[in-house]
Amino acid sequence: MSVETEEELQALKAVGRLVAEAIRAMRRAVRPNTTTLELDAIAGKLFRRAGARSGPQLDYDFPGVTCISVNDEAVHGIPGKRRLREGDLVKLDVTAELDGFYADSCVSVSVGRPRRAVAELTSASERALANGLDVARAGAPLNAIGAVIERTVQDAGFSVCAELIGHGIGRKIHEPPDVPSYFDPELTQPLTDGLVLTVEPIIASGNGRVRGSRDGWTVCTADGSTSAHFEHTIVVREGAPIILTA
């Protein structure tokens, strides 16, 4: 969607704040022996209190309030009885719908003290997000986002999971346009003022290829390497974007 009124912007800010609050609360609870279902319940409680709904449940009948992926699981992990262990890398991917508007965000959190390689991977994904946001300005070509993300990730010695991309958002989870985290020479259309997007570098310590899993939802790295994922929902402006989920 593209924001056309102040009322729409305020509604997007409200759902963005809720997503950010849920991620902060879940992040505080990440520790060894906590189950991913327990983390998911934290978001569920906050959503119910706010009168919000899970975006993945609403749009796709996903079997969890949030997507929680661990280690080689890149996206769409189903919350369950799995207990986190020291050294795990857990991705907390939260999408909420509130009053007809959606926002989506993700952070990668180490359980306990991270291994150096995992810390470097996480830092590269977070840095790629920051660099992608910096070029997401009205008038810039859409592919500028993917170009700077890909360069940041490769310079750090890691790979973009090219099949997993950002997207438009607002009235549904997934709307046009696609926002790849790599340079696509065909995506030259200019970003427009008010456009609502997710920017989300999903990267891996291996080759970046992914595969499905038997549960029908979870996407893992094909080579078993660890993945990291950071994401924000933004509104494109002439200058720096509005980060709705900060």
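The values are calculated or read from the model by the stated rules, or taken from the named source; none is laboratory data. Predicted, not measured: the structure shown is a model, and the values here were computed from it. Cβ placement follows ideal geometry from the backbone for every residue including glycine, while neighbour counts extend to all protein chains displayed. When the accessible area is computed, the model is the full protein with side chains, heavy atoms only, and any ligands, DNA or RNA have been set aside. Shrake-Rupley method; radii C 1.70, N 1.55, O 1.52, S 1.80 Å.
Output the number of residues of the stretch 9-47 satisfying the condition of being of a type outside the set (A, V, I, L, M, F, W, C) and open to solvent by less than 40 Å² (accessible area, probe 1.4 Å).
6
So which residues in the stretch 97-120 are at negative phi and part of a loop (DSSP other than H, G, I, E, B)?
Taking the stretch 97-120 first, the residues at negative phi are 97-98, 101-111, 113-120.
Passing the criteria: Val111, Arg113, Pro114, Arg115.
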Checklist outcome for this item: Here, helices (runs of 4 or more DSSP H) confined to the stretch 1-96 with at least 2 residues that are within 26 Å of Ser225 (Cα to Cα) are 6-28, 36-50
Checklist entry - Pairs, please: C-beta under 9 Å, at least 6 apart or cross-chain, first residue open to solvent by 10 Å² or more (accessible area, probe 1.4 Å) and in the stretch 89-118, second among the aromatic types (Phe, Trp, Tyr) and assigned to a loop (DSSP other than H, G, I, E, B)? => result Val107/Phe230
